[in-house]
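Read the structure below first, then the notes.
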Amino acid sequence: MAAPAVLGAPVPPPEERRTAGRARRTEVPRRAHAAWSPSSDRPDPVEVLVESCRTRVPELVPIRYRRMLASPFAFFRGAARLMALDLAACPTSGIAVQLCGDAHLANFGVFASPERSLVFDLNDFDETGPGPFDWDVRRLVTSVVLAAQDNGFGDKQATTAARATAAAYRTWIDRYAAMNQLEVWYARLDAEELRDLVAPSDRRTAQQVLDKAGARSHHRALSKLTEVVDGRRRIVPDPPLVTRVEDFPGDALAGMVEGYRGTLGTDRQDLFDRYRLVDLARKVVGVGSVGTRCWIALFQGPNGGPLFLQVKEAGVSAPAAAGWPSPVEHQGRRVVEGQRLLQATSDVLLGWTTNPLDGVEYYVRQLWDAKGSVDVATLRPGALATYAAGCGWALARAHARCGDAAAIAGYLGRSTAFDDAMVAFATAYAEQTVRDRAALEAAVEIGAIPVAAEG
């Protein structure tokens, strides 16, 4: 009897991979992650922002700048590419994963799984792509420091929350490294489990987030976002934030819908085929995404049930702009496949498409599907630390799904050395963010950068 064919080299055992990760410390010690100082050839932050807006809708760019100026944390949300360029000049572990690319506090949230239970996870993947795991951790911990400062917390409270984030990431990576891959793949954070971790005094607020998310359905979107005009359901305009589309070329629209359908599995195609497009509008979303081409599409089902899809432009990711190119050429596909890798459970209607007229690439997802997020600005010090630690946990689970958790755990170790380095870096980079925001504000004051009110 012939021996079975060898399909690939044996995977080294976990302890061997831990040892390899630990050996990385001789090249890049964990303390090397602590330092931040801008290099002499650091690009001008305002020029980086302007360059990143060149392909955006011109009349919406002033709204993006206005939103970024709201606070240092808001500026940080819109400056993923700037930070990626900065991180490219920093020491790195060299252990690659599929990055979120924009892992700040506001990009985690609650949403419904296909089984209709609420889970907590990363929920924004516009910047996803390959890169060193520590890039995501640096961005997350820095966002914690900035959020604490925006909330008026003292240095000690900001440090406590930042340290809790890094420690949670390190602890959970170590736990996931001890699991087999299927156990990691099926692991997920139940939203109610996370709620129960917060102090009793904050559980009412946490429950309100879950209740609000559970109420965000397509039917709820129908009542909030549409009205009946001449017997037909229409999206309510609110220019410039919501603008109805009357003249989108029919052939291009048909091509985009058919292209999207082709990226779905056959069972999802059957589901999608039961709906008909009835209206389309452009909608401004987020902070960093403002100015990208983003549409909301209203579909009607055979029994009257609505379906809202968001069709969002996907450009070059922040890690790719900083030198870590994605192996996936279509930017919408990059976002979708990155999301499927990182999330414990994903939208059943995720897909991608291309506008055949101008070549702009998009990804597609459901607009409202029991989605909710914590208003970071309302969190008290203890609740911020707990929530931030939950985000660290979710990020560790995401990296363990797509990367080598054993190698990462070996590099991090079980001491607080990495935590200390992340807190030091985050504190210094938060100060850099304040300076960069001031540079944008100065450019606005001299009229070099246009800003616009939202109304």
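The sum of -39500 (n - 2.57) across all DSSP H runs of n ≥ 4, divided by the residue count of the chain, sets its helix-only mean residue ellipticity at 222 nm to -14500 deg cm²/dmol. The candidates LYS283, LYS156, arranged from most to least accessible area with a 1.4 Å probe in the full protein assembly, appear as LYS156, LYS283. Accessible area per residue for the chain is 44 Å², calculated with a 1.4 Å probe on protein heavy atoms, without ligands, DNA or RNA.
For the residues LEU357, LEU146, LEU277, a 1.4 Å probe over the protein chains yields an accessible-area ranking, largest first, of LEU357, LEU277, LEU146. The value of relative contact order for the chain, using C-alpha pairs under 8 Å at least six residues apart, is 32 percent. For a straight C-alpha distance cut-off of 15 angstrom, the aspartates and glutamates reachable from LYS283 (same-chain residues fewer than eight places away being disregarded) are GLU59, ASP238, GLU246, GLU313, GLU454. Remark: spin-label model distance ARG435-SER223 equals 5.1 nm, labels positioned 7 Å along the Cα→Cβ axis. For the pair the range 63-114 and the range 232-249, the centres of their Cα atoms are 30 angstrom apart. The listed residues ARG66, ARG31, ARG24, once ranked by accessible area (1.4 Å probe) with the largest placed first, stand as ARG31, ARG66, ARG24. For the range 260-380, give the share of DSSP beta bridges that are antiparallel, in percent and rounded to the nearest 5; count only bridges with both residues there. Close to 95 percent. Would you please give the FRET efficiency between ALA448 and ALA254, computed as 1/(1 + (r/R0)^6) with r the Cβ-Cβ distance and R0 = 60 Å, to the nearest 0.05? Efficiency for this residue pair is about 0.90. Note on GLN181 and LEU341: the extension gain reaches 56.3 nm, defined as 0.36 nm multiplied by sequence separation minus the Cα-Cα distance.
How far apart, in nanometres, would the label points at ARG204 and ASP41 be if each is projected 7 angstrom from Cα along the Cα-to-Cβ direction? Calculated label separation equals 5.7 nm. Extension gain for VAL348 to ALA88 (0.36 nm times residue separation, less C-alpha to C-alpha distance): 90.1 nm. For the chain, the share of accessible area belonging to carbon and sulfur comes to 53 percent (1.4 Å probe, ligands and nucleic acids excluded).
Rounded to whole numbers, the Karplus 3J(HN,Hα) couplings from phi for the range 171-177 are 5, 6, 4, 5, 5, 5, 5 Hz, using 6.51 cos²θ - 1.76 cosθ + 1.60 with θ = phi - 60°, and x at Gly and Pro. Which part of the range 159-185 falls in the paramagnetic zone of GLU15, meaning amide N under 19 Å from the point 7 Å along Cα-to-beta-carbon? The answer is 174-181. In this structure, ARG380 and ARG116 have a Cβ-Cβ separation that, at R0 = 30 Å, corresponds to a calculated FRET efficiency of about 0.45. Sequence-ordered 3J(HN,Hα) estimates for the range 373-390 from the Karplus curve with 6.51, -1.76 and 1.60 and θ = phi - 60° stand at 8, 7, 7, 4, 5, 9, 7, 7, x, x, 5, 4, 4, 5, 5, 5, 5, x Hz, glycine and proline given as x.
For percent of Cα pairs over 43 Å apart, the candidate list reads (i) 20; (ii) 13; (iii) 42; the entry that matches the value derived from this model is (ii).
For GLU445, the solvent-accessible surface with a 1.4 Å probe is about 150 Å², rounded to the nearest 10.
The values are calculated or read from the model by the stated rules, or taken from the named source; none is laboratory data. These numbers come from a predicted model, not from an experiment. Positions of Cβ are generated from backbone atoms using ideal geometry, with glycine treated the same way; all protein chains shown enter the neighbour counts. All accessible areas refer to the heavy atoms of the entire protein, side chains included, with ligands and DNA or RNA removed. Shrake-Rupley method; radii C 1.70, N 1.55, O 1.52, S 1.80 Å.
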